[in-house]
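Visitor: Sharing a structure, written as structure tokens. Questions coming.
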Amino acid sequence: MGWIGESVESIRSIQVRQLITQVVTFGLIVTSALIIWKGLMCITGSESPVVVVLSGSMEPGFKRGDILFLHMSKDPIRSGEIVVFNVDGREIPIVHRVIKVHEREDTGEVDVLTKGDNNYGDDRLLYADGQLWLHRHHIMGRAVGFLPYVGWVTIIMTENPIFKYILIGGLGLLVITSKD
């Protein structure tokens, strides 16, 4: 029985080692993703360097599901630029085009009015109550590039959470059953 007992103990120690290795590997993957995201934030100057277009308000330029790459520089915002902005009281950022820029001569501050390319009117109805213009702190970044359709993965997982759970469960099962 000594040989069988040693074999069982050897298998248990391998399983514990595999579990520890998998946990450490998972931690490294999560940490790497966070470091990459924070690095992109520093390089682009934007709190969210990548966003997904969630509506058809910018068609035909950007379609629902396109991924936009953002950059926020010190350069003044100009009419015609596509910006991503947050409105007080709303969680989800909005992607629209700047249609008017109002610069205050006394302070140098810039107020911005936006509109979706596929919308009839400007965005004042989307802004917070009583707000007529966006200010610099509302702007998250300017669109500098895009990748079509790739954002559909995010949209599908947000609108149908069952797909998110299936994906997470499948990835978890893959990590648990992997031998490496």
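The values are calculated or read from the model by the stated rules, or taken from the named source; none is laboratory data. Just so it is clear, the model here is predicted, and its values are computed rather than measured. In this analysis, Cβ positions are derived from the backbone assuming ideal geometry, glycine residues included, and neighbour counts consider all displayed protein chains. Keep in mind that these areas ignore ligands, DNA and RNA; they rest on the heavy atoms of the full protein, side chains included. Shrake-Rupley method; radii C 1.70, N 1.55, O 1.52, S 1.80 Å.
Visitor: Find all pairs meeting these conditions: Cβ atoms under 8 angstrom apart; at least six residues apart or on different chains; first residue within the stretch 34-55 and at pLDDT 90 or above and surrounded by 15 or more Cβ atoms within 10 Å (Cβ to Cβ); second residue of a type in the set (S, T, N, Q) and in a helix (DSSP H, G or I).
Guide: Within 8 Å, the pairs are 52/154.
Visitor: Follow-up question, since we're still on this one. For the stretch 141-158, enumerate the residues that are open to solvent by less than 80 Å² (accessible area, probe 1.4 Å) and either part of a helix (DSSP H, G or I) or of a type outside the set (Val, Ile, Thr) (or both).
Guide: Selection gives 141, 142, 143, 145, 147, 148, 151, 154, 155, 156, 157.
Visitor: Quick check on my filter: what residues within the stretch 119-131 are of a type outside the set (A, V, I, L, M) and more than 23 Å from the chain's Cα centre (by Cα)?
Guide: 119, 120, 121, 122, 124, 129, 130, 131, listed by residue number.
Visitor: Quick one: would you say residue 62 is in contact with a strand residue (DSSP E or B) (Cβ under 7 Å, 6 or more places away or on another chain), at pLDDT 85 or above, open to solvent by 60 Å² or more (accessible area, probe 1.4 Å) and under 29 Å from residue 168 (Cβ atoms)?
Guide: No: the conditions fail for residue 62.
Visitor: Restricting attention to strands (runs of 3 or more DSSP E) lying wholly within the stretch 71-140, give those where 1 or more residues are touching a His at 6+ places or on another chain (Cβ under 8 Å), open to solvent by less than 80 Å² (accessible area, probe 1.4 Å) and among the hydroxyl-bearing types (Ser, Thr, Tyr).
Guide: In the stretch 71-140, 110-115 are the strands (runs of 3 or more DSSP E) which contain 1 or more residues that are touching a His at 6+ places or on another chain (Cβ under 8 Å), open to solvent by less than 80 Å² (accessible area, probe 1.4 Å) and among the hydroxyl-bearing types (Ser, Thr, Tyr).
Visitor: Another question about this same structure. What about residue 158, is it under 22 Å from the mean Cα position of the chain (by Cα) and without any contact (Cβ under 8 Å) to a residue 40 or more places away in the chain?
Guide: Yes: the conditions hold for residue 158.
Visitor: On the given criteria, is residue 127 among the aromatic types (Phe, Trp, Tyr) and in contact with a strand residue (DSSP E or B) (Cβ under 9 Å, 6 or more places away or on another chain)?
Guide: Yes: the conditions hold for residue 127.
Visitor: Which number in (1) farther than 21 Å from residue 92 by Cβ; (2) loosely packed, with under 12 Cβ neighbours inside 10 Å; (3) not charged (D, E, K, R) marks the one condition that residue 161 misses?
Guide: Answer for residue 161: the failing condition is (1).
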